[in-house]
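Visitor: One structure, as structure tokens, below. Some questions next.
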């Protein structure tokens, strides 16, 4: 597939002819021409076909990668309206069977903690441990459709747990241990898990964090749990800790048995941010994830057998699930239990060197921190051999993209934008095309992405709502406990019936790039993890010294992110610093450190709608520079003066 020479000369990076010809994407195009007589002049023609002939495209992914999915009655009924689309009806598959097709002594999972040295599991060792845990689950009477919840750090044991559950057809859900027991309970209690997998703690910023008490409290709060399985991550377990040990269960390896399940069988539950009420459980399917993740990682990240792959994440973030799916491509995946920017941002490059990575995925915030620290990778990691860097979680500033190209001129920077909702990306890397500082390369194959104006019409070169006009196989099969799909439809299809509205402001450029301007709703985004205001209000509203509060997240022009909490105190505050620190401690203890606001700002009053709802989106837009009279009708606000005062806070900032 040739590089499109019509692109401008201001590109930061362009693939060499050899890199283009050796890419998975080029091999896929050769396959389409050789086997089906389809020839495409460039990626844009290929993309147009992929979103026009959905059945032909997704069948070709199944075929090209020889995925273990039986022949369906059909790929999909293309006349069906989202979200009521049935993919690959009649077909059976199993995610773990596809992820564990490799065999031998080559490295499958390399795990590393802050204070340790890398440990490696070969493909054969991984298979046997997955088989042992899957067998144990079946011995406990766990059956397809049952749930296993995991309160764990990013370790190899978590990967084994997910794969073992998938092998049995059990539904997996995980939550990082930075969450409090209450925060994890808000997620897991909805699922009524039968087994709870927990670790004794995790590493972060040069410290070990004992979570045995939180894990025990979580188990006690989940009456459905029959058995708690303990991972001895920090060496804190002793004879007083009740429950079987993960290492003992998996010590004697066993060849895995894979329960074949329907294509649409639930694989895992990811959780929404909890903006309104409890976090929503988003359910994805075995078959949908196998197809989508294989396409994304092989064609858009250019992973292949033997590639060394790390996408820094915790098990609360969908990127962790994507990381595990590197196994679908035969890649060696790596896990990291720790802070990748501690003791300073140079650690990012040292990790990539130490783990001998081909592809490093991280948050835009980590790359911005490295730039601000001027962490030149060639100095701190002279043996670095990265081929690609993935950036997601928030928009990457052009200045940071230019800096990365300056310090690593031969590395492909592939920014991406996606979501927990589809557990993948909508727009991202294209290994056969140039990259530009100010935009993502383009929409991914099979993603009918458009920017719509207020009239519901697609626009180019203008900012609009990001929509997806045709279905994707990794769109949720449902929300948990949403039998009539009412919450699911309300989340994505309330504005444009039958059209997915994601909630991002984007611009599609003249040559097909995508610029993401930030959220069009009130969901916040801290270091790549979506945070719901509802989780923070759950803590703050319980504090007797607080009468009212409002929190927003603001994307700044320099690429930074500001998350202030505005508080109306119950009594006059004489020591604002102490008052703010007490609130921050309560949020840290009640939810997680990631939820702690950057600033606690004391105000006299806060605006609401006439029905008492907090005005998060209008406040966010005012803090971004909008005129208060343009963001909400004054007659709809109980205190217009309180809303207008946010212009003062913006000037002060």
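Visitor: Antiparallel DSSP bridges in the range 532-652: what percent, to the nearest 5?
Guide: Details: 9 of 13 bridges.
Within the range 532-652, antiparallel bridges account for around 70 percent of the total.
Visitor: Return 162, 137 ranked ascending by Cβ neighbour count within 10 Å, so the fewest neighbours appear first. Write down the numbers at each step before the final one.
Guide: Working: 162 29, 137 24.
Least crowded to most crowded, the residues run 137, 162.
Visitor: Among DSSP bridges having both ends in the chain, what percentage is antiparallel? Round to the nearest 5. Present the calculation step by step, with values, prior to reporting the outcome.
Guide: Numbers: 53 of 92 bridges.
Just about 60 percent of them are antiparallel.
Visitor: Quick one: Kirkwood hydrodynamic radius for the range 186-287, alpha-carbon pairs, angstrom, one decimal?
Guide: Numbers: mean 1/r = 0.0620 Å⁻¹.
Taking the inverse mean of 1/r over all distinct Cα pairs, the range 186-287 comes out at 16.1 Å.
Visitor: Taking every Cα atom in the range 532-652, find the radius of gyration and the maximum pairwise distance Dmax, and write them in Å.
Guide: 14.0, 39
Visitor: Taking the alpha-carbon centroid of each part, what is the distance from the range 292-319 to the range 453-511 in angstrom?
Guide: Result: 24 Å between the Cα centres.
Visitor: Continuing with this model, one more query. Per Stokes-Einstein, at 4 °C and 1.567 mPa s, what whole-number D in µm² s⁻¹ belongs to the chain, with the Kirkwood radius over Cα pairs as the hydrodynamic radius? Don't skip to the answer; put the middle values down first.
Guide: Numbers: Rh = 25.5 Å.
Once the numbers are plugged in, D ends up at 51 µm²/s.
Visitor: Quick check on packing: order 471-479, 285-293 by the mean number of other C-beta atoms within 10 Å, highest mean leading.
Guide: Working: 471-479: 23.4, 285-293: 27.2.
In descending order of packing, they fall as 285-293, 471-479.
Visitor: Further question on the same structure: So what's the gap between the Cα centers of the range 179-254 and the range 578-653, to the nearest angstrom?
Guide: Measuring centre to centre over Cα atoms gives 37 Å.
Visitor: Can you tell me how the range 436-511 classifies by the Cα gyration tensor, rounded, prolate or oblate, using a/c under 1.5 as the rounded cut?
Guide: Details: a/c = 2.68, a/b = 1.79, b/c = 1.50.
Here the range 436-511 falls in the prolate category.
Visitor: What value, in deg cm²/dmol to 500, does the helix sum -39500 (n - 2.57) over DSSP H runs of n ≥ 4 give at 222 nm once divided by the residues of the chain? Can you show the working numbers first?
Guide: Numbers: 23 runs with 198 residues, N = 653.
The helix contribution divided over the chain gives -8500 deg cm²/dmol.
The numbers here are math on the coordinates, done by the rules we state, and not lab data. Every value quoted in this text rests on a predicted model; they were computed, and no experiment measured them. Cβ sites come from the backbone with ideal geometry, for glycine too, and all protein chains shown count toward neighbours.
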